[in-house]
Amino acid sequence: MRAKYAIKQLSIFLENRKGRLKEVTQVLAEAKVNIRALALAESAEFGILRLVVDNPEKARSVLSASGFTVKEQDVFAVEVPDQPGGFYQVVRLLTEADINIDYTYAFVGGRDSAILIFKVPDEYFEKALEVVAQGGVKLVEPIFFYGS
Amino acid sequence: MDWRKKDYLPREEIEALQLRRLRDTVERVYHLVPFYRKKFDELGLKPAHIKSLSDLKELPFTVKQDLRDHYPFGLFAVPLSQIVRIHSSSGTTGKPTVVGYTENDMRVWTEVMCRTFKMAEVGPGDVVHNAYGYGLFTGGLGFHYGAEAVGAAVVPSSVGFTKRQLMLLKDFGATILCCTPSYALHLAEVAQEEGFDPQKDFLLRAGFFGAEPASEGLRKAVAEAWGLKYFEAYGLSEIIGPGVAASCPEGELHIFEDHFLPEIIDPETGQPLPEGEEGELVFTTLTKQGLPLIRYRTKDIASLYKAPCKCGRTIIRMGRVVGRSDDMLIVSGVNVFPSQVEHVLTQVEGLTPNYVIVVDKRGVLDVLEVWVEVDERVFTGDIGALENLKRKLEEELANALFLRARVKLVEPKTLERSMGKAKRVVDRRELKDIS
């Protein structure tokens with residue numbers, strides 16, 4: 001299932017420095033890379049910008065060329081009804097399967113659905129996909145993010 | 001001989017004493033320390049060749065690395081059974097510099113510290129607040145023994161806990177302060193913040209400051225803040241610890257040259273330089289038994305003056321240390337070599353990072369920061385992993401340096417961008433020095 005549902009997420013190391021976020025997004029804009037989903041994790045001194053983009057290879061190469069430290073990781077996405085309990089049902093399935101969630105972020109997908117992105121430890125990736133699918137939750141294929 | 005008279009001997013007498021002791025030291029190291037035996041033999045030198053003080057230049061140098069190479073006791077000239085004290089400094093690549101003292105060495109050390117305290121007529125009735133670090137560092141115990149020996153009451157407060165130190169300074173009526181100059185100023189500032197008037201609410205009349213370089217501005221600021229007379233204490237653990245030289249009431253730094261024979265050399269060529277010229281300060285110990293050192297290169301840049309001082313002392317004077325001939329940093333009185341930092345970084349998970357050491361001042365106190373570039377070999381995309389890396393590096397650095405360093409994780413190229421060319425050390429303290 002991994003090959004079918006793994007989504008390439010880019011993590012970019014950023015110092016907490018004025019203008020740095022502008023510089024990342026500028027590089028992507030100039031390369032005509034579209035950001036499909038994002039989350040920003042921060043500590044006191046630095047942050048990690050996580051992106052799902054329409055063209056991860058291109059994004060990675062332009063960011064690296066501009067001197068950013070970039071790491072590519074597999075995440076998966078699910079589509080749930082945009083209503084109370086939507087997020088809960090996925091978290092419950094993962095928790096009951098003893099799978100730790102590293103982090104997650106979400107955005108509103110369409111009229112009445114939401115897209116949730118999950119990062120789990122790599123060794124649980126396959127299992128997480130199975131658990132979620134068996135629980136009746138719809139997995140989102142990468143084409144949803146990459147296609148234009 | 002009464003130690004009080006030793007600072008005032010006629011030059012001929014000093015030099016005769018030095019020659020006698022030098023020949024004795026050379027004889028001892030030749031027979032007792034294989035390292036020196038080998039060096040002498042390589043040079044075709046016998047102890048009997050040393051007939052005058054000017055023959056000193058024939059003798060081989062000793063450097064810090066020699067002490068490390070013979071870690072821990074390889075350069076000791078006596079069996080361990082005669083050693084009564086061992087001190088040690090942090091090491092560059094894991095191996096510290098170890099120094100050992102015999103009972104007689106302890107007497108010499110105490111004597112030179114008495115002569116140091118004598119500069120301010122410290123004696124019974126004085127309360128000496130000693131805020132040098134106690135422990136492996138020679139500062140704390142060196143001052144401690146000297147202060148006891150002159151009959152003062154010693155408060156061994158050691159370092160840290162500034163507010164408690166102020167309470168002790170005040171409540172015990174300390175008259176003499178011993179610490180690094182920057183800490184003395186920090187204490188005064190905290191005293192003011194706590195609502196005290198350092199000049200009126202405390203009884204400090206003099207202080208002995210050392211272990212780090214101090215500009216004229218810093219000296220003046222310390223003296224004025226506390227309303228005390230500033231005395232400088234110079235020393236290094238390899239030679240004995242504090243007590244190698246001390247400043248007199250005229251502000252002149254006198255070397256206790258009947259125990260430590262100084263020279264100034266050209267750090268490039270190793271050739272001795274004439275009196276008054278600036279160069280690297282080199283010491284030969286004249287009375288040490290545990291760890292006698294021949295022509296030990298301090299890497300401190302200074303100069304020497306033989307003319308008698310206005311204070312009446314005839315022992316040689318050294319100019320202020322104006323710099324170093326190597327890359328050693330002194331941070332809060334602790335010696336730090338960039339190679340120590342690099343060693344720690346490369347030990348941690350095979351990290352071979354780009355880094356810059358930034359020494360700065362927060363208020364009057366030194367802060368050490370190590371900026372490490374996070375590149376794709378280290379970056380997992382996980383924030384917890386980065387925080388762990390930072391914590392681990394800070395822990396390892398504290399262990400290796402005996403000093404707290406703050407690690408800052410930065411993006412690649414930041415260092416070049418913010419520091420200009422590839423520089424390993426950025427010392428921002430000079431720019432901010434009080435003047």
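The values are calculated or read from the model by the stated rules, or taken from the named source; none is laboratory data. For clarity, every value in this text was computed on a predicted model and none was experimentally measured. Reconstructed Cβ throughout: ideal geometry from the backbone, glycine too, with neighbour counts over all protein chains shown. Side chains included, ligands, DNA and RNA excluded: accessible areas come from the protein's heavy atoms. Shrake-Rupley method; radii C 1.70, N 1.55, O 1.52, S 1.80 Å.
Taking amide H atoms as placed 1.01 Å from N in the peptide plane, list the residues 5 or more away in sequence, or in a different chain, whose amide H sits under 5 Å from that of B:ASP427. Long-range HN contacts for B:ASP427: B:VAL359. Placing +1 on the Cβ of every Lys and Arg and -1 on the Cβ of every Asp and Glu, with no other charges, gives chain A a dipole of roughly 480 debye about its Cα centre.
Within 10 Å of the Cβ of each residue in B:382-390, the mean number of Cβ atoms contributed by other protein chains is 4. Remark on chain A: ratio of C-alpha radius of gyration to 2.2 N^0.38 Å is 1.07. Averaged over the residues of A:15-21, the number of partner chain Cβ atoms lying within 10 Å of the residue Cβ comes to 2.
Where both bridge residues fall in the stretch B:56-181, DSSP classifies roughly 50% of the beta bridges as antiparallel.
Putting +1 on Lys and Arg Cβ atoms and -1 on Asp and Glu Cβ atoms, find which of A:ASN16, A:LEU28, A:ALA65 reaches farthest to the positive end of the dipole of the stretch A:3-73. Towards the positive end, the residue furthest out is A:LEU28. The simple spin-label model puts a point 7 Å past each Cα toward its Cβ; for A:ASN34 and A:TYR88 those points are separated by 3.4 nm. Counted over all Cα-Cα pairs of the protein assembly as shown, pairs farther apart than 38 Å make up 47 percent. What the phi angles of the stretch B:2-15 give under the Karplus curve with 6.51, -1.76 and 1.60, with θ = phi - 60°, is a coupling list of 5, 4, 5, 8, 5, 7, 10, 5, x, 4, 4, 5, 4, 6 Hz, glycine and proline written as x.
The overall shape of chain B, judged from the alpha-carbon gyration tensor, is oblate: a/c is not under 1.5, and a/b is no greater than b/c.
Helical content alone sets the calculated 222 nm signal of chain A at -9000 deg cm²/dmol, taking -39,500 (n - 2.57) per DSSP H segment of four or more residues and averaging over every residue.
Around the Cα centre of the protein assembly as shown, unit charges on the Cβ atoms of Lys, Arg, Asp and Glu (plus for the first two, minus for the last two) sum to a dipole of about 460 debye.
Taking Cβ atoms as reference points and 14 Å as the exclusive limit, the residues near A:ARG36 contribute a net charge of +1, counting Lys and Arg as +1 and Asp and Glu as -1. Each of B:ILE240, B:VAL190, B:VAL26 was scored by the projection of its Cα onto the charge dipole of the protein assembly as shown, and the greatest displacement toward the positive side belongs to B:VAL26; charges sit on the C-beta of Lys, Arg, Asp and Glu. The Cα atoms of the stretch B:1-84 give a gyration tensor whose axes a ≥ b ≥ c have a/c of 1.5 or more with a/b no greater than b/c, which makes the shape oblate.
In chain B, the calculated helix contribution to ellipticity at 222 nm averages -10000 deg cm²/dmol per residue, counting -39,500 (n - 2.57) for every DSSP H run with n ≥ 4. Across the stretch A:3-73, how large is the tail of the calculated P(r) beyond 16 Å, expressed as a percent of all Cα pairs? Counting pairs separated by more than 16 Å, the tail of P(r) holds 42 percent. For the listed peptides B:182-195, B:300-313, a ranking on the average number of other beta carbons within 10 Å per residue, highest first, reads B:182-195, B:300-313.
Protection proxy ranking for B:22-29, B:285-292, B:80-87, using the average of other Cβ atoms within 10 Å per residue and placing the highest first: B:285-292, B:22-29, B:80-87. Note on the stretch B:24-176: Cα-only Rg and Dmax are 19.6, 62 Å. Summarising the label geometry, the points placed 7 Å from Cα in the beta-carbon direction at B:ASP427 and B:GLU278 lie 1.3 nm from one another.
Please report, in debye to the nearest 20, how large the charge dipole of the stretch A:75-146 is about its Cα centre when each Lys and Arg carries +1 at its beta carbon and each Asp and Glu carries -1 there.
Around 220 debye, computed over the stretch A:75-146.
Pairwise Cα separations in the stretch B:75-163 fall into 5 Å bins from 0 onward with the following percentages, short to long: 3, 13, 19, 21, 18, 13, 8, 3, 1, 0. Between the alpha-carbon centres of the stretch B:238-311 and the stretch A:42-100 there is a gap of 64 Å. Each label point was placed 7 Å from the Cα along the Cα-to-Cβ direction; for B:LYS163 and B:LYS392 their separation is 3.6 nm.
Packing around the peptides B:207-214, B:4-11, B:218-225, taken as the average count of other Cβ atoms within 10 Å per residue, puts them in this order, highest first: B:207-214, B:218-225, B:4-11. Backbone phi angles across the stretch B:202-218, fed through the Karplus curve with coefficients 6.51, -1.76 and 1.60 (θ = phi - 60°), yield HN-Hα couplings of 10, 9, 4, 10, 8, x, 10, 10, x, 6, 8, x, 10, 6, 4, x, 5 Hz in residue order; Gly and Pro are listed as x. Derived scalar couplings between HN and Hα for the stretch B:39-49 equal 4, 4, 4, 4, 8, x, 9, 10, x, 5, 5 Hz in order, rounded to whole Hz, by the Karplus curve 6.51 cos²θ - 1.76 cosθ + 1.60 (θ = phi - 60°), x for Gly and Pro. For B:LYS288, the lysines whose Cα falls under 27 Å of its own Cα, not counting residues fewer than eight places away in the same chain, are B:LYS5, B:LYS6, B:LYS38, B:LYS39, B:LYS46, B:LYS51, B:LYS57, B:LYS64, B:LYS95, B:LYS118, B:LYS299, B:LYS306. Among B:GLU268, B:GLU373, the order of accessible area from largest down is B:GLU268, B:GLU373, computed with a 1.4 Å probe on protein heavy atoms.
Largest GNM mean-square fluctuation among B:ALA400, B:ALA246, B:ALA385, using chain B with Cα springs under 10 Å: B:ALA385.
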